[in-house]
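Derivation of every value follows stated rules applied to the coordinates shown; laboratory data play no part. Please read all numbers here as calculations on a predicted model, not as lab measurements. Ideal geometry is used to build each Cβ from the backbone, glycine not excepted, and the neighbour counts take in all protein chains shown.
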Amino acid sequence: MFTFSLTLVRHGETQYNKDKLLQGQGVDTPLSETGVHQGEAVGRYLKDIRFNNVFASNLQRAVQTAEIILRNNTHCSGMKMVLEPLLRERGFGVAEGRPKEDLKNMANAAGQSCRDYTPPGGETLDQVKLRFKKFLKVLFKQLLDEHGSSRPDACAGTSAAGDAANGMAASAFASDGLADDGLQGLSAHVLVVSHGAYIRVVIRHLVEDLKCSLPPGVKMSQLLSPCPNTGISRFILTLSRSESGPVLSTARCVFTNRKDHLTAAE
């Protein structure tokens, strides 16, 4: 058994976000001034977490955010991140660059919800989920190759880490949560910087398909609410080995879409 933490961060604000325009994959814009400040805020919030692996979508708004987080980190300022196309935002096809309201109107005309609707040339939710599943497969193998032979890490996953996650579960969605919630007893931490629609698909897959356990009293609407710019979500995942490769044994949600750092920065 090998247990690690997966911390997901959405990129900071861009001008397109501010103007409520869809970016997707075809519009590759930098952070706005506000987005840079948000990146600094989340970087300070996470500064004491020793991330072992850092992955970012290769779109510049995610790359910039990850760079700011690493620059602020006490332990990871010189770490090289991996730019991963599998973490790119959902493709919105002909709707990219257009107001979000246009997407809603297109979905209404098709008789579908905006979240489920796929514009012409865009990605379906299942296609986005498949990209994340491919990323997980690569990540699991890499983590077991790099860290899986370490017995202290392996032991932490089934005892200390599980107890720690259980102990803080009731307050997991409190607004005054700590940056290291859920990390006690673990020595392997992964940071992923991605995008709002993508992270929503990720959380749904972890919770619904992979049967991730949840803090008590948390509603699905809370879990799947839109992720704010630089919103943070965290999961604790335990892997085991099999003849066909790494297998996810257990998954636990610590919190989703946390934005304490933005409130503190105001």
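Computed quantities for the displayed model
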| read-out | value |
| --- | --- |
| Theoretical FRET efficiency, 1/(1+(r/R0)^6), r = Cβ-Cβ of ASP209 and ASP48, R0 25 Å, to 0.05 | 0.15 |
| Cα-based Rg of the chain normalised by 2.2 N^0.38 Å, two decimals | 0.98 |
| Count, lysine Cα pairs under 21 Å in the chain, 8 or more residues apart or across chains | 20 |
| Chain lengthening between GLN142 and VAL82 when straightened (0.36 nm per residue, less Cα-Cα) | 20.4 nm |
| Over the chain: helical MRE at 222 nm, DSSP H runs n ≥ 4 each giving -39500 (n - 2.57), nearest 500 | -11000 deg cm²/dmol |
